[in-house]
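Take a look at the structure set out below.
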Amino acid sequence: MNIVDNVSLTVIGSGDAFCSDGRFNSCYYVEWGDKKVLLDCGPTSLAAIRKCSLDPMAVDIIVISHLHGDHIAGIPFLILEADKAAKRKKPLTIITPPDGERRIKEVSALLYPDAMTMFQNLDIRFVQYSQDAEIEIEGFRMNFFEVSHNPLVNPHGFRIEKDSKILAYSGDTGWTDILYQIADNADLFICECNFYERETLTHLNYKKIVAEQQNLKAKRMILTHFGKESLAHYSEIKGEKAEEGECILF
Ligand SMILES: [Zn+2]
Ligand SMILES: [Zn+2]
């Protein structure tokens with residue numbers, strides 16, 4: 001008998017960089033078997049995780065889609081708490097696009113001058129991914145895909161697989177056909193929907209997602225990363241929308 005437990009994903013932050021309508025920055029807390037995985041960690045994430053009655057110190061793995069502040073700037077505070085308050089011993093793996101370790105350490109050191117000592121005190125391992133290599137960590141298989149966003153922040157979407165479950169995430173991106181591959185057969189596909197109809201090279205809009213929906217062959221799709229324009233049309237956005245505090249089983 002092969003019973004696979006559900007994976008649960010709690011939406012921590014479903015807003016854009018500007019916290020439009022008071023939404024938090026990007027962050028998702030995934031409880032997957034005995035591991036807790038955070039997808040992105042925006043600056044609002046510690047508060048938002050606590051609002052969901054979850055424990056930021058229980059996280060084992062953080063996976064970062066790209067190096068914009070609204071996706072990484074919560075990490076310095078997580079490190080601060082881990083070292084100063086929690087005296088954390090448990091290992092933490094931070095999986096980043098190229099140059100992630102340097103930038104996360106630099107921003108941490110700007111905010112807290114003794115951050116490098118904190119990193120040394122803690123059992124933290126950085127793993128850098130690229131589009132070309134599958135990563136296997138603690139039973140998870142991960143694949144990363146370059147997407148259409150500011151190239152200076154090394155933007156990627158990704159797929160995480162374990163125990164026959166597939167979680168896919170667009171990261172921040174304008175339309176790119178690589179989204180077919182990212183979404184393909186995923187049990188859950190978290191897809192950004194920054195705009196309602198405005199077209200840019202760096203973010204998706206709802207109209208384009210609807211036009212492509214039948215080609216995005218995920219089993220379930222949830223829209224997120226809502227900006228001011230998509231929020232102004234929120235009631236016209238059909239299908240599942242990421243609501244903060246919501247726990248999604250898949
Ligand atoms: Zn963003
Ligand atoms: Zn971004």
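Just so it is clear, none of the values below were taken in a lab; they were calculated from the coordinates. Owing to the predicted nature of the structure, the values given are computational and were not obtained by experimental measurement. Note that we place each Cβ from the backbone using ideal geometry, even for glycine, and neighbour counts take in every protein chain shown.
Structural remarks
- Test: residue 179 is part of a helix (DSSP H, G or I), within 16 Å of ligand 2 (Cβ to nearest atom), within 19 Å of the chain's Cα centre (by Cα) and surrounded by 13 or more Cβ atoms within 10 Å (Cβ to Cβ): yes
- In this structure, residue 202 does satisfy being free of Cβ contacts under 8 Å to residues at least 60 places away in the same chain, among the polar types (S, T, N, Q) and out of contact with any Cys (no Cβ under 6 Å at 6 or more places or on another chain).
- Filter result for residue 70 (on the phi > 0 side of the Ramachandran plot and under 13 Å from the mean Cα position of the chain (by Cα)): no
- Entry remark, region 51-72: residues being in contact (Cβ under 8 Å) with a residue 60 or more places away in the chain and over 19 Å from residue 107 (Cβ atoms) number 4 in total.
- Output for region 31-49, where each listed residue is more than 14 Å from ligand 2 (Cβ to nearest atom), of a type outside the set (Gly, Ala, Ser) and either surrounded by fewer than 24 Cβ atoms within 10 Å (Cβ to Cβ) or more than 10 Å from the chain's Cα centre (by Cα) (or both): 31, 32, 34, 35, 36, 44, 46, 49
- Residues that are closer than 16 Å to residue 158 by Cβ, polar (S, T, N, Q) and touching a helix residue (DSSP H, G or I) at 6+ places or on another chain (Cβ under 9 Å), drawn from region 89-130: 96, 128
- Any hit, region 170-178, residues being touching a residue at least 40 places away in the same chain (Cβ under 8 Å), in contact with a Gly (Cβ under 7 Å, 6 or more places away or on another chain) and not hydroxyl-bearing (Ser, Thr, Tyr): yes
- Matching residues in region 201-250 - criterion: being within 25 Å of residue 150 (Cα to Cα) and of a type in the set (Ser, Thr, Tyr): 202, 206, 224, 230
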